[in-house]
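Peer 1: Handing you this structure, nothing more for now.
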Amino acid sequence: MNLRAPLGRFLKASAPLRSVAGRNATSSFLALAWLSLLSVLSIPIYIQMLGLVEWGLVAACVSLQVLSNFLDAGFSQIVPRWAAKEAHKPSALMHHVALFRRMYWILGLSMFILLQVAAGYLANNWFLVPLERAHDLEIAIRITSLQMLFQFVNNMHIGLWHGLQKQVLANLRVCSFGTIKHVSTMLAMYISAPHVWLYASVFAFWALIEMVTNAVTVRRMMGTSDLQHYAPLRPLLREVTILSGGILVGLLVIQLDRIILSRTVPVEAFGVYTVVAAMAMAFLQLQTPLTRAYFPLLVQDIESTGRVSPARMKRLIAGTVLISTIPALLACLLAAPLLELWLRNPGVVDTGARPLQLLLLAVAVNSLYGCIYQVILAAGQPQRILQFNLVSLAVAGLVIMIMGTSSGLLLGGAIWLSTTLTQFALGVLWFALHERGTPSIPTRD
């Protein structure tokens, strides 16, 4: 196979890993700060322009992203892993990229068709919206399905760049288009009337432009390839299958709160919950730049010695505690004042402060589990993730049975906290046994 010269130069620019890890981490921190600032600034503006009912319709559309997350479950973490492993094998890397591209399009189109078919049912029978607004929500869901298709396919490009240590490029693109989407949407709603369908349309348009732009960049870097040889891809497909199963269950655990609440609370209250959940997720994402920078190094450790360097693990945990765990705990103590300062809406503060406290406690625990989670992925043991998440799902079901859906938004926080505590306890046990060279559960891997 003839490989284009840009691919060779591209791969050479990715090494050595240690020389770019700091730059990638810095870039990711800056990107996270910018995207968080966008969220902090834009949500109050959207609520003010749209009102709580219309914002609730937007939140209903945004909540459908859980379907995209389900489909992207294994690939979002497998793509960077395999890109990193095959970075110095251009032919194999090109085969993987070609396979991923086809899989993303097939799954993305399946998701799009499913949402088009289900849009009427979701608008009229699932979300608790005023009858006269159901048609507006149905149209918005149909438009949102287009946005989700484009974003889903684009995830392959971002994952590839992360695996090849081109995180500066990935972060620049994500921040640029994220800014354009919000500014364009606000401008469109200012010029025209603020409606949920307009919000969805502008985001869908720029998601298409982002996908096409990134696809052109990847093609220029990688060239084109076909799939003449399937045998080398079998390990990848096996790992994707197992990890996807584990992450699918994990996503069900994570999204169970929104699934239950979208069906049991009015759309206005659901809109409030999406806001406080977004704030909690912002604190959880604080560790993402650190874990992305360390993950390839953890893979190298395990490939060479079978276990993670203790010094490196200590630095990862210390950094996580400093940048994610402690800020989440402090925010938990100041949940109500932070909401008041951010949104200046007493109704949101009264409804969302207590659920936010539970969510932030869960984030503090989950950030620590995230360190162990990276080791599990680096060790190539996706079956552990599946096992832990199945146990967590059972715990979540027990919490729902005990508290009942009448608990309102507090149920969502309780689900998060109980499941993250379960995952953390199982993760600590696995890590202790793994570092001693004894797997927690016998395996034939």
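Peer 1: How far is it, in nm, from the label point at A215 to the one at W342 when both lie 7 Å from their Cα along the line to the Cβ?
Peer 2: Rounded to a tenth, the inter-label distance reads 3.5 nm.
Peer 1: Here's something else I'd like to know. Residue separation times 0.36 nm, minus the C-alpha to C-alpha distance between I317 and S176: what's the value?
Peer 2: Between I317 and S176, full extension yields an extra 47.7 nm.
Peer 1: Between T26 and L334, what's the calculated FRET efficiency when r is the beta-carbon distance and R0 is 35 Å? Round to 0.05.
Peer 2: After rounding to 0.05, the efficiency reads 0.80.
Each value in this text was obtained by applying a stated rule to the coordinates, not by laboratory testing. All figures in this text were calculated on a predicted structure; none of them were measured in a lab. With ideal geometry, Cβ positions are generated from the backbone for all residues, glycine too; neighbour counts draw on all protein chains shown.
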